[in-house]
Amino acid sequence: MNTSATTRYVSPTRAARELRRGFSLVELMVVTAIIIIMVSILLSVTASPAADRHTQMILSTAHAVATEYRLQTSVVVNHASTTPFDWSTAKTKNANGASGTGMLNGTVAVSASERFVWAVNQLPATEQMLRNLGTEVLTDSDGTGVTGEGFLELVDGWGRKLIYVSGVDHGDSVTDDDYLPEYPKPYFVSAGADGQWGDVQAASGSAALAQTEDNLYSFDLEGKMPQR
């Protein structure tokens, strides 16, 4: 009796057809979805550190601009003061393509850095320092219909507005900056990767306090320039 196994020949073309029949449309969709999710996770993991480093560079440069402006003019730009700039009057718009005048956004809760940028742009040296950051960082990001549209401001590595304060004192009469850390000198702050400012005075263990953990402050970078 011949007990040897009989080898079945399957042509390459037939094998390919059988392999193709082995995956249903649903299975292919599931595999595709998994690949998309993995790619998105990988991109977010690699993008966040890059945005973090870019933001540190922006904060350091903005701090240098503020320092240079103060050295040359003896003026600390203060969003809450009427001297030497009267913020209650219309100012010439400075965004690319903008014309006419308008009112600058001023409260820390809403704006940010419009008043700082407008002020330092009056001095050629500091204006050029800001321009060197590029149009992706120095931009008009208010959007259509927002008061103050047409004025440049600073954004971080995630494309979100930076905040500028001339100093924060939780005991003074200015309360719109009390969610930020106390510091006697001007500084800039980014809301970090989560885009949430939080509140440094919030209760321990609260969501608002946790949101401050990834915030980036220019005073933490004084004396050093992060790598690009």
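The values are calculated or read from the model by the stated rules, or taken from the named source; none is laboratory data. Quantities reported herein were computed from a predicted structural model and do not represent experimental measurements. No Cβ is skipped: glycine too gets one built from the backbone with ideal geometry, and neighbour counts run over all protein chains shown.
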Q | Condition met for LEU216 (at pLDDT below 90 and either within 23 Å of MET57 (Cβ to Cβ) or among the hydrophobic types (A, V, I, L, M, F, W, C) (or both)) | A | no
Q: Output the residue which, of all residues in region 73-94 that are under 24 Å from VAL189 (Cβ atoms), surrounded by fewer than 18 Cβ atoms within 10 Å (Cβ to Cβ) and modelled with pLDDT of 90 or more, is farthest from the chain's Cα centre (by Cα).
A: THR73
Q | Failed criterion for LEU209 (all others in (1) over 15 Å from ALA66 (Cα atoms); (2) in contact (Cβ under 8 Å) with a residue 40 or more places away in the chain; (3) not in a loop (DSSP other than H, G, I, E, B) hold) | A | (2)
Q. Which condition number does TYR183 fail, the rest of (1) of a type in the set (Phe, Trp, Tyr); (2) surrounded by fewer than 18 Cβ atoms within 10 Å (Cβ to Cβ); (3) touching a residue at least 40 places away in the same chain (Cβ under 8 Å) being met?
A. (3)
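Residues to consider are VAL168, VAL189, VAL200; find the one that is touching a residue at least 24 places away in the same chain (Cβ under 8 Å) and of a type outside the set (Ser, Thr, Tyr). Let's see the steps before the verdict.
Details: VAL168 fails: touching a residue at least 24 places away in the same chain (Cβ under 8 Å); VAL200 fails: touching a residue at least 24 places away in the same chain (Cβ under 8 Å).
When all the criteria are applied, what remains is VAL189.
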Q: Identify the residue in region 219-228 that is charged (D, E, K, R) and surrounded by 12 or more Cβ atoms within 10 Å (Cβ to Cβ) and, among all such residues, is modelled with the lowest pLDDT.
A: GLU222
Q. Within region 186-205, which residues are farther than 17 Å from ASN78 by Cα and crowded, with 21+ Cβ neighbours inside 10 Å?
A. SER190, ALA191, GLY192, GLY198
